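This report concerns only the one structure given below.
Throughout, read-outs are computed from the coordinates displayed, never taken from laboratory work. Every value quoted in this text rests on a predicted model; they were computed, and no experiment measured them. Using ideal geometry, Cβ is built from the backbone for each residue, glycine included, and neighbour counts are taken over all protein chains shown.
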Amino acid sequence: MPRRGGRYEQIAGDAKRIRILYLEPVPAFYGRGVTEAFCRRLDGWGIHPSCVIFDLLTTFPKVVARVWPPAYQQFDHFHVMQWLWHYLRNALIQFRKSLQGPRWALHREELWELKWGLLKQMDRWGPKERLLIPEMMELYAGTVVEQVLLFKEALWDIFEVSRSKADAYAKRDALAQEVWWRASWRLSKSVEFLRSPNAWSPTSTTLRSLGAGTRRR
Amino acid sequence: MVTYLDHPEVPRCGHSETLINVWRQLEAVRRGFKSAQGRLDHLKLFHVTHYLRAQNLP
């Protein structure tokens, strides 16, 4: 659970029924083993999950593999998307800030207004977005705005349209082979995150190379 | 990250943010808990009143 008021709490829940199972405050001077002790306590109470879903904290995959070896591991989709989308959003914001001068004032406003539309899946665009964004793209062809739009669609394709893990891997590798996103540091970081072996099969190799979740507990 | 693609029984979201939100709302009503034990006791009451009642347990 995120820190609020200077303390952390660990929460265990039932993902299917959306229920809180157990809650434990993390000691102020926590060290190694706190998360494992938490999982072992759950295990001791007879909780043997078939799948464990966790956020991007690097400790979880190792601990879950030790405590519940047969359980499937899954990074929480919400957190994965949140992590990727923060790169995309910041890339747009940075580009918008680079548009200086009165000539770009209206364009800056337009970008600000349509930034969520740009980050939304094309199929979910409303009438206003369908009208304005294609027009806008004529102006921003070859810029970060266009790259973000394309990149976001590629991400949707990987996570929403893929039929199997192998299919998702193939799409991810195809995206990584492309060159158009390399000029943008933020898109490069996104690809780095996607290519991190730990993010796709959490227990496979060292966890320190994972782009996200550098916090350890 | 994509385990859910190969195993349909695996949900892709843990709804952890929802659970945190539920708990924060409980905390806000009580204006926090004085001790960790008090927090756990309240969680037990929450289990009884919200989860177990629905199953008609004694």
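Under the rule of at least 5 residues apart or a separate chain, name every residue whose amide H is placed under 5 Å from the amide H of A:Ile47.
none
How big is the shadow of the Cα convex hull of chain A, averaged over all directions, in nm²?
Numbers: hull surface 60.2 nm².
Averaged projected area of chain A's Cα convex hull equals 15.0 nm².
For the pairs A:Lys16/A:Lys189; A:Lys62/A:Lys165; A:Lys62/A:Lys120, note any where the Cα-Cα span goes beyond 24 Å.
A:Lys16/A:Lys189; A:Lys62/A:Lys120
Which angle from 0 to 90°, rounded to the nearest 10, does the C-alpha axis of helix B:16-30 make with the longest principal axis of chain B?
Its long axis makes an angle of about 10 degrees.
List the lysines whose alpha-carbon lies under 19 Å from that of B:Lys44, not counting same-chain residues fewer than 8 positions away?
Output for B:Lys44: B:Lys34.
Consider all pairwise Cα distances in region A:78-196 and report the whole-number % of them above 23 Å. Mind dumping the intermediate values first?
On the way: 2140 of 7021 pairs.
Of all Cα-Cα distances in region A:78-196, 30 percent exceed 23 Å.
Only four residue types carry charge here, +1 at the Cβ of Lys and Arg and -1 at the Cβ of Asp and Glu. Report the dipole size of chain B about the Cα centre in Debye, rounded to the nearest 20. The partial results should precede the final answer.
Working: 8 positive and 5 negative charges, 92 e Å.
The dipole magnitude comes to about 440 debye.
Please list, in chain and number order, the residues 5+ apart from A:Tyr72 or on another chain whose amide H is under 5 Å from its amide H, with Hs placed from the backbone.
A:Cys51, A:Val52
What number, rounded to the nearest 500 deg cm²/dmol, is the helix-based mean residue ellipticity at 222 nm of chain B, given -39500 (n - 2.57) per DSSP H run of at least four residues and division by all its residues?
-15000 deg cm²/dmol
Placing unit charges on C-beta atoms (Lys and Arg positive, Asp and Glu negative, everything else neutral), compute the dipole magnitude of region A:13-96 about its Cα centre in debye, rounded to 20.
120
HN-Hα J couplings of region B:38-44 from phi, Karplus 6.51/-1.76/1.60, θ = phi - 60°, integer Hz, Gly and Pro as x?
Working through the residues one at a time gives x, 5, 5, 4, 5, 5, 4 Hz.
In region B:3-55, with Lys and Arg counted as +1 and Asp and Glu as -1 at Cβ, which of these residues, B:Tyr51, B:Leu19, B:Ala36, has the Cα nearest the positive end of the dipole, that is, farthest along it?
So the residue furthest toward the plus end is B:Ala36.
Residues with beta-carbon under 14 Å from that of A:Glu110, excluding A:Glu110: net charge, scoring Lys, Arg +1 and Asp, Glu -1?
Charge balance in the 14 Å sphere: 0.
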